[in-house]
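The values are calculated or read from the model by the stated rules, or taken from the named source; none is laboratory data. What you are looking at is a predicted structure, and each value in this text was computed from that prediction instead of being measured. In this analysis, Cβ positions are derived from the backbone assuming ideal geometry, glycine residues included, and neighbour counts consider all displayed protein chains.
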Amino acid sequence: MPKRLRQQRRGAGKSKTYLAPSHRFLCEARYTFKEPTAGKVVDIVHDPARYAPVAVIETESGGREYLVAVSGLKTGDKVELGKGEAKIGNVLELGSIPEGIQVCNIELRPFDGGKLCRAPGTSATVIAHEKDKTLIMLPSKVIKALPSKCRATIGVVAGAGFRSKPFLKAGAKYYAMRAKGRYWPIVSAGAKNPVDHPFGGKSRRVGRPKTRSRRLPPGAKVGSISARRTGRKK
């Protein structure tokens, strides 16, 4: 019996080799406050779980909020959470944000903590307000209508341009991917050994039919899945 494919072993979720080290991650960096409050940025830290920095905000009640930091925010700044004006770093409801303002860490539903535009350098633009809905334009130019009660952070996520710096050597890329449990390096099926993939072997050509049944388990479906025909048309 051949060895299970790598995508099958990854999908099982039982091996530490293919699991993200979530015990090393700092936090989820989402909105946890329920009532409007204010706070002060006490630190901006790195989180191994993400490429964007995380702002540590100490609220008036003595609690702490961990939010994705925006460009221009610095230690010592005072921010408003759930109230105030449209200033960099403040968290407001979409319905109270003027049109044309850039926002990030946007909720899809009220109090879900923030789902959209969390990657470094990303932001959405508030376009219009319609009754209980707010229209925003995402970085992909898609216009989305969200409930006006959804919260968002004013500004652009910090850390833009991090991909501009080259890794220079394979070891640096290896440790960067390992920190987040990413699958790397990515090797083509034909370049693998026969025990690692049905297409593997000495030759880069498959050497056997690539057609696969639709009834195969997930992970074993490699090649042409339930193909009606193969080859070049005459």
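Consider region 27-46 and keep the residues that are of a type in the set (Asp, Glu) and more than 13 Å from the chain's Cα centre (by Cα). The one that is farthest from Leu116 (Cα to Cα) is Asp43. Scanning region 146-169 for residues that are among the small types (Gly, Ala, Ser) and exposed (fewer than 13 other Cβ atoms within 10 Å of the Cβ) turns up Gly161, Ser164.
When Val126, Val91 are screened for being touching a strand residue (DSSP E or B) at 6+ places or on another chain (Cβ under 7 Å), under 22 Å from Val54 (Cα atoms) and among the aliphatic types (A, V, I, L, M), only Val91 passes. Checked against the criteria, Pro98 counts as out of contact with any Phe, Trp or Tyr (no Cβ under 7 Å at 6 or more places or on another chain), in contact (Cβ under 8 Å) with a residue 24 or more places away in the chain, surrounded by fewer than 13 Cβ atoms within 10 Å (Cβ to Cβ) and under 16 Å from Ser148 (Cβ atoms). Just one of the listed residues (Ala172, Ala191) is among the small types (Gly, Ala, Ser), surrounded by fewer than 13 Cβ atoms within 10 Å (Cβ to Cβ), farther than 30 Å from Pro48 by Cα and not assigned by TED's automatic domain parsing to the domain that holds Pro53, namely Ala191.
Of the strands (runs of 3 or more DSSP E) entirely within region 95-162, none holds at least 3 residues that are at pLDDT below 95 and either in contact with a His (Cβ under 9 Å, 6 or more places away or on another chain) or of a type in the set (Gly, Ala, Ser) (or both).
The residues of region 1-59 that are surrounded by fewer than 15 Cβ atoms within 10 Å (Cβ to Cβ), in contact with an Asp or Glu (Cβ under 6 Å, 6 or more places away or on another chain) and part of a strand (DSSP E or B), listed by number, are Lys40, Val42.
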